[in-house]
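Engineer: So that we are looking at the same thing, I have put the structure below in structure tokens.
The values are calculated or read from the model by the stated rules, or taken from the named source; none is laboratory data. Here the structure is a predicted model, which is why all the values come from computation and not from measurement. Cβ coordinates were reconstructed from backbone atoms using ideal geometry, including for glycine residues, and neighbour counts include every protein chain displayed. Quick note on the areas: whole protein, heavy atoms, side chains included, nothing else; ligands and nucleic acids left out. Shrake-Rupley method; radii C 1.70, N 1.55, O 1.52, S 1.80 Å.
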Amino acid sequence: MDTAFEGKEVIVTGAVRGIGRAITHAFAARGAHVTACDILEAGLEETLETAPVGARDRITKRVVDVTSRDAEDA
């Protein structure tokens, strides 16, 4: 399946490892702007660095703890 996500906004939590990283890369490679979220800043940087060429500029990293209610306001 070859689906394009041009003009779509996607938020991915747990974007540092495994499925979260793969989902981040896949959406960005298909044109979506992705906000990659996790509590591990260094891991987010690695997610960005390992993204496919051309997709990196569509990924924004954000350090956030989604288990914290306070994070909702940040």
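Engineer: Going residue by residue through the range 50-60, is there one that turns out to be touching a Lys or Arg at 6+ places or on another chain (Cβ under 8 Å) and open to solvent by 60 Å² or more (accessible area, probe 1.4 Å)? Let's see the steps before the verdict.
Structural biologist: Just the residues of the range 50-60 that are touching a Lys or Arg at 6+ places or on another chain (Cβ under 8 Å), to begin with: 50.
Cutting the leftovers down to open to solvent by 60 Å² or more (accessible area, probe 1.4 Å) gives us 50.
Looking through the range 50-60, at least one residue is touching a Lys or Arg at 6+ places or on another chain (Cβ under 8 Å) and open to solvent by 60 Å² or more (accessible area, probe 1.4 Å).
Engineer: Another one. Filter the range 9-31 down to the residues that are touching a residue at least 40 places away in the same chain (Cβ under 8 Å) and either open to solvent by less than 20 Å² (accessible area, probe 1.4 Å) or of a type in the set (A, V, I, L, M, F, W, C) (or both) and list them by number. Before the answer, list the steps.
Structural biologist: Residues of the range 9-31 touching a residue at least 40 places away in the same chain (Cβ under 8 Å): 13, 15.
Matches in the range 9-31: Ala15 only.
Engineer: May I ask you to list pairs of residues, at least six apart or on different chains, whose Cβ atoms are under 9 Å apart, with the first in the range 42-60 being among the aromatic types (Phe, Trp, Tyr) and modelled with pLDDT under 95 and the second being open to solvent by 70 Å² or more (accessible area, probe 1.4 Å) and part of a loop (DSSP other than H, G, I, E, B)?
Structural biologist: Pairs that qualify, where the first residue is among the aromatic types (Phe, Trp, Tyr) and modelled with pLDDT under 95 and the partner is open to solvent by 70 Å² or more (accessible area, probe 1.4 Å) and part of a loop (DSSP other than H, G, I, E, B): there are none.
Engineer: Gly31 versus (1) in contact with a Leu (Cβ under 9 Å, 6 or more places away or on another chain); (2) assigned to a loop (DSSP other than H, G, I, E, B): which is the lone unmet condition?
Structural biologist: (1)
Engineer: Output the number of residues of the range 61-74 satisfying the condition of being of a type outside the set (A, V, I, L, M), touching a helix residue (DSSP H, G or I) at 6+ places or on another chain (Cβ under 7 Å) and free of Cβ contacts under 8 Å to residues at least 40 places away in the same chain. Step through it out loud before you land on a result.
Structural biologist: Looking only at the range 61-74, we keep the residues that are of a type outside the set (A, V, I, L, M), and these are 61-62, 65, 67-70, 72-73.
Cutting the leftovers down to touching a helix residue (DSSP H, G or I) at 6+ places or on another chain (Cβ under 7 Å) gives us 61, 65.
Applying the additional criterion that residues be free of Cβ contacts under 8 Å to residues at least 40 places away in the same chain yields 65.
The qualifying residues number 1.
Engineer: On to the next question. Hey, does the range 35-49 have a residue that's under 11 Å from the mean Cα position of the chain (by Cα) and in a loop (DSSP other than H, G, I, E, B)?
Structural biologist: Checked the range 35-49: no residue is under 11 Å from the mean Cα position of the chain (by Cα) and in a loop (DSSP other than H, G, I, E, B).
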